[in-house]
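The values are calculated or read from the model by the stated rules, or taken from the named source; none is laboratory data. Since the structure is predicted, the reported quantities are computational estimates derived from the model, not experimental observations. Cβ: placed from backbone, ideal geometry, glycine included. Neighbour counts: every protein chain shown. Side chains are part of the model used for accessible areas, which takes the heavy atoms of the whole protein and leaves out ligands, DNA and RNA. Shrake-Rupley method; radii C 1.70, N 1.55, O 1.52, S 1.80 Å.
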Amino acid sequence: MTIRAGVAGWPIAHSLSPVIHGAWLEAAGLDATYERHGPQDEDAFRALVGRIRAGELIGLNVTAPWKEVALSLADADSETARACGSANLLWLDDGVLRADSTDGQGLMAALREQAPGLDAAGKVAVVLGAGGASRAAVHALGQAFAEVRIVNRTADRAVQLVADLQPHTPAALTHKDLDEALEGAVLVVNALSVAPRIDVTALGPETVLMDMTYRPLRTTLLAEGAARGHATVDGLAMLIGQARPSFETLFGRPVPDVDVRAAALAALEATG
């Protein structure tokens, strides 16, 4: 019997997750599919989750705007998902619908891959944005850095994020304006759809720049940083990083050793 899984969100046509998981499934020789699902409203998303409970799907990755709803529908959730207030992974485990968030794992995996020289101990990281995407970033970085500074146009959202996540991280979480936040930072992570303009000449030479978006893969922030010799980390590395634990949970086996980044880059090029 064919095993069925997928990714749910809206809009969803742009998602590269089926390319990544599809390459792994082919390499593993599994009789399985991983497809896009585009529920446009909450009722449709709830119905889709019902298909997991009914055994039609083994599970789903979840992307915007349904991550918070995904968490609310689970019977059991991980500490990470509770701290982030959202889930990007749902699966059925012996009749129990479980939820987890692997976005933070993806972020840290991307840093290890593309900025292996980054030393977090006792250092400062900056996250641009205080929305859903930033929560997983702040939670993950807060386990490694001494301080995580959040920069957001709306101060109230940043202050609320600090209040929500402070109990879940050993790092000091603070809200700063952009210029103050960048002082002494060794990592800047953009979790906004469009990053604010940053004067990269004011950054230390060791500062790593990361952008969580992968369309375009080389954003203005990364291009300007690379031109000045900064290590840069792209959103595709994070996407692949969060997909690894998702695949292992959904399909119950290690990720095959295959170059899924090449497949994803080819899909990006084909779709512009």
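Quick notes on this structure:
- Along the chain, counting only GluC sites (Glu not before Pro) with a DSSP assignment other than H, G, I, E or B and at most 16 other Cβ atoms inside a 10 Å radius, the longest segment between sites is 57-182.
- The amide H of L57, built 1.01 Å from its N in the peptide plane, has I52 as neighbours under 5 Å, considering only residues 5 or more places off or on other chains.
- Taken one residue at a time, the phi angles of the range 30-47 give Karplus couplings (6.51, -1.76, 1.60, θ = phi - 60°) of 8, 7, 8, 10, 9, 10, 7, 10, x, x, 8, 9, 5, 4, 5, 5, 4, 5 Hz. Gly and Pro are set to x.
- The figure for H168 is an accessible area of roughly 70 square angstrom, using a 1.4 Å probe on the protein chains alone.
- Length-normalised contact order for the range 175-261 - Cα pairs under 8 Å, 6+ apart - percent: 22
- Summing charges over neighbours of D93, with a neighbour being any other residue whose Cβ is under 13 Å away from its Cβ, gives -2 when K and R count +1 and D and E count -1.
- Taking every alpha-carbon pair under 8 Å whose residues sit at least 6 apart, the range 1-158 reaches a relative contact order of 17 percent.
- For the range 96-157 and the range 165-193, distance of Cα centres in Å: 9
- Of the listed residues W91, W10, W24, the order by accessible area with a 1.4 Å probe, largest first, is W10, W91, W24.
- Option label - P(r) over Cα pairs in 10 Å bins from 0, in percent computed here, alternatives (i) 6, 27, 33, 20, 8, 4, 1, 0; (ii) 7, 30, 35, 22, 6, 0; (iii) 6, 24, 34, 25, 9, 1, 0: (ii)
- Within the shell defined by Cβ-Cβ distances under 13 Å, the residues around L30 carry a net charge of -1, with Lys and Arg each +1 and Asp and Glu each -1.
- Per-residue surface analysis assigns T220 an accessible area of about 80 Å², computed on protein heavy atoms at 1.4 Å probe radius.
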